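Peer 1: The structure under discussion is supplied below as structure tokens; questions concerning it will follow.
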There are 2 protein chains.
Amino acid sequence: MDNFTFYSPTYFVFGKDEENNTGKYVKRFGGSKVLIHYGGGSVVRSGLLDRVKASLEKEGIAHVELGGVMPNPRSGLVYEGIDLCKKEGVDFVLAVGGGSSIDSAKAIAAGVVYDGDFWDFYKGKPVTEALPIATILTISAAGSEGSPDSVITQEDGMYKRGASGEAFRPAFSILNPALTATLPKYQVACGITDIMAHLFERYFTTTKEVEVIDRMIEGLLLTMVKEGPLAAADPANYDAEANIMWAGMMAHNNSCGVGRVQDWASHDIEHELSAIYDCAHGAGLATVFPAWMAYNMKHDVARFAQLAVRVWGCEMDFQHPENTAKAGIEALKAFSKSIGMPTSFAELGAKEADIEKMAETACYGDGREGTIGGFAKLNKDDVMAIYKLML
Amino acid sequence: MDNFTFYSPTYFVFGKDEENNTGKYVKRFGGSKVLIHYGGGSVVRSGLLDRVKASLEKEGIAHVELGGVMPNPRSGLVYEGIDLCKKEGVDFVLAVGGGSSIDSAKAIAAGVVYDGDFWDFYKGKPVTEALPIATILTISAAGSEGSPDSVITQEDGMYKRGASGEAFRPAFSILNPALTATLPKYQVACGITDIMAHLFERYFTTTKEVEVIDRMIEGLLLTMVKEGPLAAADPANYDAEANIMWAGMMAHNNSCGVGRVQDWASHDIEHELSAIYDCAHGAGLATVFPAWMAYNMKHDVARFAQLAVRVWGCEMDFQHPENTAKAGIEALKAFSKSIGMPTSFAELGAKEADIEKMAETACYGDGREGTIGGFAKLNKDDVMAIYKLML
């Protein structure tokens, strides 16, 4: 295991009706004027926004609002949010929504206290300071409610980049699985895929002797394999959602990623797809992962076989472990299909003609130097080959 | 899953040589005068204490020392530590050692800022305020490096009680698996048992639909089953110790215990053994758990069978699941024996004649009202029956 530090100081509040305590927690964590940042109409229509405002008002906490966050959140709204916070003297940013709203809120929180362009953080500057951030989660997926990360799409060029730093860890996050009950099934399935992708990115490592993290990742994956289809079939299944919601947080706050090299090439490969075609991040990941796995299996067949046996329940072929590894990849594909996820360019609406451009941007865009991935270093040719496996 | 809150703001620093950064972290977390609190001579002999002092001095941080913490730490030294801190104006308590040193340090940290007797916290008063605490861990066992808990033995009557509260979460904890290399094998085995016991106490629950936590607990147990014997055979096996050390923290910071009823009767039953016979806590737990399991299996055979299949790799007997459950308990016993742990009163040096007295204290001592345990409510007769199964 490699040396590491781990710091996850977010206060998690989990369960039914907890959004009605928002005001109490904002007060506890020092907010006096809050930006409520959210996406589309469902937060309004469901009455959630009103409940949150009532809870703030009960504690005498002032607030302003900025809705309109899109999936794959854009830089334009971030600039708008920064201006609004500065003008209104906001000292606390509350995201109500999923990963997009939370990531946009994080970008705003960092931008408000920074003299330069907030995009600097998405070009690699570590985030060391930001307004306190809190979240009320409405979909299990991105894990941003517990992570130090944020992903934003730069409208000037339509590329998607991530920023990171301890100041991006939320002060508190409210996780009420009942809030996901009205989501479309497709979105729930995308979320499930995203959570599993966060686990795969950490699972594929070159670091040796990492049993404890392997076992925890496998435990979370087994949970997703059992509970995922239940939630995708019925988003109002509270018990399934509750399991998934905690797994989604654990999958990405890095409890289950410490002390090892991680991969993350699949996220880079997917980001090109969702930046160009504006597909759901989860749908893109469902398409990318089996291809990435098939292409990179050769680097550590034993690890792929271990995943196949321990998570997918495949029989170990001791004479031909590569067969077991392949069976695991097929099991992942079948799982994705079973919850309605795409696994090919055609289903995703992606085009073969864009492959070279996407591989170029994935490997060289915005300061990158020609390779991506920690488990296997992939160059542009490798990335093109992986895209082609999705045809 | 039940509603819950989870807050683990400890900054974990994991890996080789990290104790040399102690001063830097004490500074970061606001300490200017430190009590270094530790146990016996090994911390001194190994040179660890000198390295820690050098690191503090490098950052200009003043310090005083109090050694002499015993296994099953006593109230007497806590009173001494509180007086010393008050006299010297200490503002930060640093434990160097295992659970005993850490728990004693926590008691001191709470006592210094409290007007009454620190023992009030061990009679049930929640700990809401304490000096900042940090730890340098020298044995994987108690999990106190990441937990909000502390257990102290009251010398006036020799009973062992726990206190809890968010103020008991360390500000930072340094986990260097190399520091355990010189431990006696028996102590390593006791630590392994303690970690597994923390997982069992959380595993046995009456709460339904808790797959995610079940799976994480099982993942940590599987890690212990694989890595435990390697570390018990060779405490200098860094890789095995590294896996165990992170598992030990995760086993008890409650990441893997949220949203469910937990049991903890076995700890209460064990505390009587170590309070009277001064046996190692881990050795006591190795003796108690199979007996507790055999006695309580009837309350949820499916859960015991699940543990047997998923962790011990037992074959499921679908017609007679109780046979699978029993096989799991036998597997635990065999595991304990294999790492040199006792599983009977005789091996532990305990006496049948004390059973009634121990059961009485376990169920009624110090404010308890006749039953213990969350999974199965046990009265004095039940506890006596469990002790008798250890004969």
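The values are calculated or read from the model by the stated rules, or taken from the named source; none is laboratory data. Every value quoted in this text rests on a predicted model; they were computed, and no experiment measured them. As a convention, Cβ positions derive from the backbone with ideal geometry for all residues, glycine included, and neighbour counts pool all protein chains shown.
Peer 1: Which of the numbered conditions does A:THR182 fail, given that it passes all the others? Conditions: (1) hydroxyl-bearing (Ser, Thr, Tyr); (2) in a strand (DSSP E or B); (3) over 16 Å from the mean Cα position of the chain (by Cα).
Peer 2: All conditions are met except number (2).
Peer 1: For the range B:43-158, list the helices (runs of 4 or more DSSP H) that sit wholly inside it and hold at least 1 residues that are hydroxyl-bearing (Ser, Thr, Tyr) and over 22 Å from B:LEU273 (Cβ atoms); which are they?
Peer 2: Where helices (runs of 4 or more DSSP H) fall fully within the range B:43-158 and carry at least 1 residues being hydroxyl-bearing (Ser, Thr, Tyr) and over 22 Å from B:LEU273 (Cβ atoms), they are B:48-58, B:75-88.
Peer 1: Give the residues of the range B:204-219 that are among the hydrophobic types (A, V, I, L, M, F, W, C), more than 7 Å from chain A (Cβ to nearest Cβ) and part of a helix (DSSP H, G or I), sorted by residue number.
Peer 2: Scanning the range B:204-219 gives B:ILE213, B:ILE217.
Peer 1: Also: Tell me which residues, restricted to the range A:360-388, are touching a residue at least 24 places away in the same chain (Cβ under 8 Å), on the phi > 0 side of the Ramachandran plot and in contact with a helix residue (DSSP H, G or I) (Cβ under 7 Å, 6 or more places away or on another chain).
Peer 2: The answer is A:GLY373, and nothing else.
Peer 1: Look at B:ASN323 and say whether it is more than 19 Å from the chain's Cα centre (by Cα) and surrounded by fewer than 22 Cβ atoms within 10 Å (Cβ to Cβ).
Peer 2: Here the answer is yes, as B:ASN323 does meet what is asked.
Peer 1: Answer yes if at least one residue in the range B:186-196 is assigned to a helix (DSSP H, G or I), of a type in the set (Gly, Ala, Ser) and within 23 Å of A:VAL311 (Cα to Cα), and no otherwise.
Peer 2: Looking for residues that are assigned to a helix (DSSP H, G or I), of a type in the set (Gly, Ala, Ser) and within 23 Å of A:VAL311 (Cα to Cα), one finds none in the range B:186-196, hence no.
Peer 1: Let me ask something else. Given the residues B:ALA189, B:ALA107, which is the only one that is within 17 Å of B:LEU285 (Cβ to Cβ) and of a type in the set (A, V, I, L, M)?
Peer 2: So the residue among B:ALA189, B:ALA107 that is within 17 Å of B:LEU285 (Cβ to Cβ) and of a type in the set (A, V, I, L, M) is B:ALA189.
Peer 1: Any residue that is surrounded by fewer than 23 Cβ atoms within 10 Å (Cβ to Cβ), within 14 Å of chain B (Cβ to nearest Cβ) and at pLDDT 95 or above - is there at least one of those in the range A:288-307?
Peer 2: Within the range A:288-307 (the criterion being surrounded by fewer than 23 Cβ atoms within 10 Å (Cβ to Cβ), within 14 Å of chain B (Cβ to nearest Cβ) and at pLDDT 95 or above), the answer is yes, since at least one residue qualifies.
Peer 1: So, B:GLU201, is that one over 27 Å from A:LYS208 (Cα atoms) and at the interface with chain A (Cβ under 10 Å from one of its Cβ atoms) or not?
Peer 2: When the stated conditions are applied, B:GLU201 does not pass them.
Peer 1: Quick one: B:ASP268 ticks every box in (1) within 14 Å of the chain's Cα centre (by Cα); (2) surrounded by fewer than 24 Cβ atoms within 10 Å (Cβ to Cβ); (3) within 13 Å of chain A (Cβ to nearest Cβ) except a single one, so which number is it?
Peer 2: (3)
Peer 1: Would you check if there is a residue in the range A:10-30 being touching a residue at least 24 places away in the same chain (Cβ under 8 Å), within 11 Å of chain B (Cβ to nearest Cβ), in contact with a Lys or Arg (Cβ under 8 Å, 6 or more places away or on another chain) and assigned to a loop (DSSP other than H, G, I, E, B)?
Peer 2: no
Peer 1: Turning to a different aspect of this structure: Is it the case that some residue within the range A:251-261 is within 24 Å of A:LYS337 (Cβ to Cβ) and under 14 Å from the mean Cα position of the chain (by Cα)?
Peer 2: The answer is yes, given that some residue of the range A:251-261 is within 24 Å of A:LYS337 (Cβ to Cβ) and under 14 Å from the mean Cα position of the chain (by Cα).
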